[in-house]
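Chemist: What follows is a single structure, and I will ask about it in a moment.
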């Protein structure tokens, strides 16, 4: 097929205010047969128009007026063709072209400016960026609990399959496909787990849902980039049962703590009693071996009493006999030895 390269020039503004502009030229490659057909149709249309029957006021130079009318019509058709022969594909988009003779073309047009035949062709532009879709579905678990699941899905059409997507699903492919396959997948997956497992095994459930949805969406030329569970809502009865279970578990833990504390107190009392008995036994042995041991303990007690009284703000008067606990009457072993 012979192809021509055609240059089209148009003003290109370089500032939002439009004060500065320059002439930009765009070169397009057009199939020769299509372009020749378009020019032939325009020529045939202008020849069919009978300008001789047009009533024009008789003014001097009538032939020039008729020529101006013809030129105006041809110029108008040219302006219409120039204004409708270009279309832009923005970033993150792809385009396909619908032709009134052959239908949807199989070629997918990338980002940029492209040329079409006015009226005879029209572009269909798709957004191929991933877009989020939030879907909520109520399903029954394996233990017959009703669960309301919120799912967020990131989807986009497969760019190379846009002609097939348009032929089978149209432009609103998401509304035609996603709700049905998502609800069906959620019901199938949730029915395999108990309500409690949906909470404890949330990541596993999410991966299984994503695997099934990816396979189902691929049959419709739709790509899934991410699938995640956003919310899990259970019935009032199940929620109350979970709360009661948590309260019972906390009570059991509290009772277990009380029992352990009582056992520790018991062991502590036994150890304390054993320590006191051992201490009394040691004191008895010390007194039996050396009678001066009790005198030493009395001196220590007197010292503590004197220290407490000296630090007190109240005045206490004691005689030496009461303070020293009658130490004067005691005969120490060392003194009796000297005598």
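The values are calculated or read from the model by the stated rules, or taken from the named source; none is laboratory data. It should be emphasised that the depicted structure is a prediction, and the values quoted were computed from it without experimental measurement. Positions of Cβ are generated from backbone atoms using ideal geometry, with glycine treated the same way; all protein chains shown enter the neighbour counts.
Chemist: Would you mind stating whether residue 209 is buried (at least 19 other Cβ atoms within 10 Å of the Cβ), in contact with a strand residue (DSSP E or B) (Cβ under 7 Å, 6 or more places away or on another chain), within 24 Å of residue 164 (Cβ to Cβ) and touching a residue at least 12 places away in the same chain (Cβ under 8 Å)?
Modeler: no
Chemist: For the stretch 170-180: of the residues being out of contact with any strand residue (DSSP E or B) (no Cβ under 9 Å at 6 or more places or on another chain) and either in contact (Cβ under 8 Å) with a residue 12 or more places away in the chain or not in a helix (DSSP H, G or I) (or both), which is nearest to residue 106 (Cα to Cα)?
Modeler: It comes out as 170.
Chemist: Free of Cβ contacts under 8 Å to residues at least 24 places away in the same chain, surrounded by fewer than 16 Cβ atoms within 10 Å (Cβ to Cβ) and farther than 30 Å from residue 98 by Cβ - does that describe any residue in the stretch 143-164?
Modeler: yes
Chemist: Consider residue 214 against the criteria (1) closer than 30 Å to residue 168 by Cβ; (2) assigned to a strand (DSSP E or B): it satisfies all of them except one. Which criterion is unmet?
Modeler: Checking residue 214 against (1) closer than 30 Å to residue 168 by Cβ; (2) assigned to a strand (DSSP E or B), the one that fails is (2).
Chemist: Out of (1) part of a helix (DSSP H, G or I); (2) more than 14 Å from residue 97 (Cβ to Cβ); (3) touching a residue at least 40 places away in the same chain (Cβ under 8 Å), what's the single condition that is false for residue 184?
Modeler: (3)
Chemist: A further question on this structure: Report, by residue number, each residue of the stretch 128-139 that is part of a strand (DSSP E or B) and out of contact with any helix residue (DSSP H, G or I) (no Cβ under 7 Å at 6 or more places or on another chain).
Modeler: 131, 132, 134, 136, 138
Chemist: Answer yes if at least one residue in the stretch 280-301 is modelled with pLDDT of 75 or more, in contact with a helix residue (DSSP H, G or I) (Cβ under 9 Å, 6 or more places away or on another chain), over 30 Å from residue 173 (Cβ atoms) and outside any helix (DSSP H, G or I), and no otherwise.
Modeler: yes
Chemist: Test residue 189 against the stated conditions and say whether it is in contact with a helix residue (DSSP H, G or I) (Cβ under 7 Å, 6 or more places away or on another chain), surrounded by 13 or more Cβ atoms within 10 Å (Cβ to Cβ), outside any strand (DSSP E or B) and at pLDDT 90 or above. Before you say what the answer is, go through the steps one by one.
Modeler: Working: in contact with a helix residue (DSSP H, G or I) (Cβ under 7 Å, 6 or more places away or on another chain): yes; surrounded by 13 or more Cβ atoms within 10 Å (Cβ to Cβ): yes; outside any strand (DSSP E or B): yes; at pLDDT 90 or above: yes.
Spelling it out, residue 189 is indeed in contact with a helix residue (DSSP H, G or I) (Cβ under 7 Å, 6 or more places away or on another chain), surrounded by 13 or more Cβ atoms within 10 Å (Cβ to Cβ), outside any strand (DSSP E or B) and at pLDDT 90 or above.
Chemist: What's the total number of residues in the stretch 227-269 that are touching a strand residue (DSSP E or B) at 6+ places or on another chain (Cβ under 8 Å) and surrounded by fewer than 12 Cβ atoms within 10 Å (Cβ to Cβ)?
Modeler: Within the stretch 227-269, residues that are touching a strand residue (DSSP E or B) at 6+ places or on another chain (Cβ under 8 Å) and surrounded by fewer than 12 Cβ atoms within 10 Å (Cβ to Cβ) number 2.
Chemist: Keeping to the stretch 85-127, report how many residues are more than 17 Å from residue 168 (Cα to Cα), under 35 Å from the mean Cα position of the chain (by Cα) and part of a loop (DSSP other than H, G, I, E, B).
Modeler: Number of matching residues: 5.
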